[in-house]
Amino acid sequence: MNQTRIGILGGGQLGRMLVEASIPLALDISILDENLEFPAAGICTRFFEGDFSNYDDVLNFGLAMDVITVEIESVNIEALKQLQAQGKLVYPQPEVLEIINDKGVQNHFTRIMDFQQLNLN
């Protein structure tokens with residue numbers, strides 16, 4: 001039985017915490033980040049050196065994964081959309097990351113959600 005390959009874009013402190021939480025579960029966790037000096041590099045299953053804001057780096061990394069997630073929202077969203085279109089599971093979805101990346105859109109979205117909650121109660 002093949003193990004699900006999980007890829008994390010970003011190997012900083014949050015990436016390290018994600019990998020640490022996965023250790024008791026023996027998950028196959030790969031990290032994409034710029035430098036082997038980053039906190040998660042030494043404890044993940046595999047480390048890929050690359051730029052998570054670069055389309056080709058994210059696409060090539062993601063093609064080798066079954067599931068892709070992020071530890072930072074400033075990643076290449078277009079590559080994530082392409083990976084999702086090719087059947088890869090991407091969490092959070094690229095459309096959610098677009099909302100998070102634009103603080104004006106995020107604020108508008110939050111107001112709409114707050115208004116909808118008021119109307120539901």
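Of the residues making up segment 38-90, those that are of a type in the set (Asp, Glu) and closer than 16 Å to Gly15 by Cα number 4. The requirement of being surrounded by 16 or more Cβ atoms within 10 Å (Cβ to Cβ), farther than 17 Å from Gln3 by Cα and touching a residue at least 60 places away in the same chain (Cβ under 8 Å) is satisfied by Val75.
Out of Leu80, Leu59, report the one residue that is part of a helix (DSSP H, G or I), at pLDDT 95 or above, aliphatic (A, V, I, L, M) and crowded, with 19+ Cβ neighbours inside 10 Å. Give the derivation first.
On the way: Leu59 fails: crowded, with 19+ Cβ neighbours inside 10 Å.
Within the list Leu80, Leu59, the selection yields Leu80.
Any residue that is surrounded by fewer than 19 Cβ atoms within 10 Å (Cβ to Cβ), among the hydroxyl-bearing types (Ser, Thr, Tyr) and either in a loop (DSSP other than H, G, I, E, B) or modelled with pLDDT of 90 or more (or both) - is there at least one of those in segment 100-110? Taking every residue of segment 100-110 in turn, none turns out to be surrounded by fewer than 19 Cβ atoms within 10 Å (Cβ to Cβ), among the hydroxyl-bearing types (Ser, Thr, Tyr) and either in a loop (DSSP other than H, G, I, E, B) or modelled with pLDDT of 90 or more (or both).
Do we find a residue being under 13 Å from the mean Cα position of the chain (by Cα) and either surrounded by fewer than 21 Cβ atoms within 10 Å (Cβ to Cβ) or not aromatic (Phe, Trp, Tyr) (or both) anywhere in segment 35-50?
Start the filter on segment 35-50 by keeping residues that are under 13 Å from the mean Cα position of the chain (by Cα), which leaves none.
No: zero hits.
For the structure I just gave you, tell me whether Ile23 is modelled with pLDDT under 95 and either touching a strand residue (DSSP E or B) at 6+ places or on another chain (Cβ under 6 Å) or not charged (D, E, K, R) (or both).
Values: modelled with pLDDT under 95: yes; either touching a strand residue (DSSP E or B) at 6+ places or on another chain (Cβ under 6 Å) or not charged (D, E, K, R) (or both): yes.
Against the criterion (modelled with pLDDT under 95 and either touching a strand residue (DSSP E or B) at 6+ places or on another chain (Cβ under 6 Å) or not charged (D, E, K, R) (or both)), Ile23 qualifies.
The values are calculated or read from the model by the stated rules, or taken from the named source; none is laboratory data. Fair warning: this is a prediction, and the values are worked out from it, not measured in the lab. Ideal geometry is used to build each Cβ from the backbone, glycine not excepted, and the neighbour counts take in all protein chains shown.
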